[in-house]
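Written below as structure tokens is the structure these notes are about.
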Amino acid sequence: MVSTVSFPQAQEFHISLRVADLATSTAFYTAFFAVPPKDTTARYSTFVIPNLHLNLVLLVNDSQQPLDTYSLYHLGLGVADKSQVIAAYHAALSAGAPIVKPPRTTWRGTPLHELWLRDPSGYLIEVYARLTAEELAQIPADQEPCFLVPGTRPSAG
């Protein structure tokens, strides 16, 4: 049965991730969002990204258990267009982030320009841009992905 109850309209989205190395993860997300953390302590870093209505907290993994980065499938960041996906790729390479799938245009499912990478703790991140009407009109007959940076191909991960 589908509920007809409505939740109040959200003003902000909050997510908290346990991380393997707080300093490394803080540096990564500072570069990723192009904003410094609002607060940083020995236990956590908090990012407030107003344009995304996002409050992200990175929390030290003080458990004896290894991080389970498999349960959270991925985080996604929508950007303006294909050029921004390519720019994110070059930024990720400069930051030493592992690239899982280099920038490409995919046609099956939801057509997107996309890049897949991992953060320092191993969380999977998708950077994507929706295709314009003009780009959608260029769908290849075989619908195979088109790589956006010459010489890149998929890697393991």
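The values are calculated or read from the model by the stated rules, or taken from the named source; none is laboratory data. As the structure is a prediction and not an experimental result, all values here were calculated from the model. For neighbour counting, all protein chains shown are included, and Cβ atoms are generated from backbone atoms with ideal geometry for every residue, glycine included. Each accessible area value is taken on the protein alone, full model and side chains, heavy atoms only, with ligands, DNA and RNA left out. Shrake-Rupley method; radii C 1.70, N 1.55, O 1.52, S 1.80 Å.
For the stretch 1-83, what is the percent of antiparallel DSSP beta bridges, rounded to the nearest 5?
Here the share of antiparallel DSSP bridges comes out near 55 percent.
Pick out, in residue order, every one of the GluC sites (Glu not before Pro) in the stretch 93-134 that is DSSP loop and has at most 15 other C-beta atoms within 10 Å; say none if there are none. Don't skip to the end; give the middle numbers.
Details: sites: E114, E126, E134; in loops: none.
The qualifying sites: there are none.
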With a cut-off of at most 11 other beta carbons within 10 Å, and DSSP calling the residue loop, which trypsin sites (Lys or Arg not before Pro) in the stretch 60-130 qualify? Please list them. R108
Diffing the stretch 10-21: the Karplus 3J(HN,Hα) column from phi (6.51, -1.76, 1.60, θ = phi - 60°), in whole Hz with x for Gly and Pro, holds 6, 9, 7, 10, 10, 9, 10, 10, 7, 10, 6, 9
Among A88, A137, A97, which one shows the highest mean-square fluctuation when the chain is modelled as a Gaussian network with alpha-carbon springs under 10 Å? A137
What is the spin-label model distance, in nm, from T24 to A141 if the labels are put 7 Å beyond Cα along the C-beta direction? 4.8
Estimated FRET transfer efficiency when R0 is 35 angstrom, pair L93-V5 (beta carbons, to 0.05): 0.15
Counting only helical runs of four or more DSSP H residues, what would the 222 nm mean residue ellipticity of the chain come to if each run contributes -39,500 (n - 2.57) and the total is spread over all its residues? -5500 deg cm²/dmol
Roll a 1.4 angstrom probe over the protein heavy atoms and tell me the percent of accessible area of the chain that is carbon or sulfur. 57
I'd like to check one number: the per residue accessible area of the chain, probe 1.4 Å, reported in Å² as a whole number. 62
Rounded, prolate or oblate (a/c below 1.5 giving rounded, otherwise prolate when a/b exceeds b/c) for the stretch 74-142 by Cα gyration tensor: prolate
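Roughly what percent of Cα-Cα pairs across the chain reach past 23 Å?
For the chain, the fraction of Cα-Cα distances above 23 Å is 46 percent.
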Hypothetical label at L59: residues of the stretch 22-41 whose amide nitrogen lies under 20 Å (7 Å Cα-Cβ projection): 22-30, 37-41
Can you work out ³J(HN,Hα) from phi for every residue in the stretch 70-85, in order, using Karplus 6.51 cos²θ - 1.76 cosθ + 1.60 and θ = phi - 60°, giving whole Hz and x for Gly and Pro? 7, 5, 8, 4, 6, 9, x, 10, x, 10, 5, 6, 4, 4, 6, 5
